[in-house]
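Have a look at the structure below, then the notes.
The values are calculated or read from the model by the stated rules, or taken from the named source; none is laboratory data. Bear in mind that the values here come from a model prediction, so they are computed numbers and not experimental data. Cβ: placed from backbone, ideal geometry, glycine included. Neighbour counts: every protein chain shown. Side chains included, ligands, DNA and RNA excluded: accessible areas come from the protein's heavy atoms. Shrake-Rupley method; radii C 1.70, N 1.55, O 1.52, S 1.80 Å.
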Amino acid sequence: LRYDAYLSSPFALFLGASALHDKFQGLDLRLNIDPGVAYYVIDEKDHRLWPELGYDLQHDIRRQETLDEAAANGQFLDDTATRHSARVFLGYENDLAKSVNFDTGIEFLKSLSDGENWRLNWDAAFRANVAGDFSLAVTLSLKYDNNPLPGIRDTDLTSALSLVYQVL
């Protein structure tokens, strides 16, 4: 979820919230709250480019299996963890044609409480309208965590091919 409040033509304040369940990252829940400011360098009907600066509050509830595996290796972790991070994002959207859209964004998060933790997230999506309210979407999501939980890979790549129906 995200809400943007435009202060003037190129500037906006925003508040975002997301929740994620990810077995492969060892998480029952990752909750993120992201307030910040965006500046729209290009803000046209079919073409947008913008950087964002902000704050990221991340609260993790870890899977019991991950905690048990870490304990078996001599690492005892709390079942929850909270991180406070600075957030920098760069986004780009382009309607290549009337029924074809491309968007991408890269996000860098640097821990404010612990100088060694940082994450990098990149998303890209290509959507094409196939008939009426139906579209075909190809998406890629790359997530890198330089300090993951024990036994968890530092890089996660997800790709998807989706048939999308637009309701509104």
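General remarks:
- So ILE33, is it among the β-branched types (Val, Ile, Thr) and under 20 Å from the mean Cα position of the chain (by Cα): yes
- Residue match in region 132-149 (condition: modelled with pLDDT under 95 and on the phi > 0 side of the Ramachandran plot): yes
- Per the listing ALA86, ALA97, ALA71, ALA81, the residue uniquely closer than 24 Å to ILE42 by Cβ and among the small types (Gly, Ala, Ser) is ALA97.
- Listed conditions (1) touching a strand residue (DSSP E or B) at 6+ places or on another chain (Cβ under 8 Å); (2) under 30 Å from GLN75 (Cβ atoms); (3) open to solvent by less than 50 Å² (accessible area, probe 1.4 Å) are all met by ASN101, apart from (2).
- Of the criteria (1) touching a strand residue (DSSP E or B) at 6+ places or on another chain (Cβ under 7 Å); (2) outside any strand (DSSP E or B); (3) surrounded by 14 or more Cβ atoms within 10 Å (Cβ to Cβ), which one PHE24 fails: (3)
- Candidate set from region 31-61 (those that are open to solvent by less than 40 Å² (accessible area, probe 1.4 Å) and out of contact with any Phe, Trp or Tyr (no Cβ under 8 Å at 6 or more places or on another chain)); member that is farthest from LEU1 (Cα to Cα): ASP60
- Residues that are more than 23 Å from ASP56 (Cβ to Cβ), assigned to a strand (DSSP E or B) and open to solvent by 40 Å² or more (accessible area, probe 1.4 Å), drawn from region 116-159: PHE126, ARG127, ASN129, VAL130, ALA131, PHE134, LEU136, VAL138, SER159
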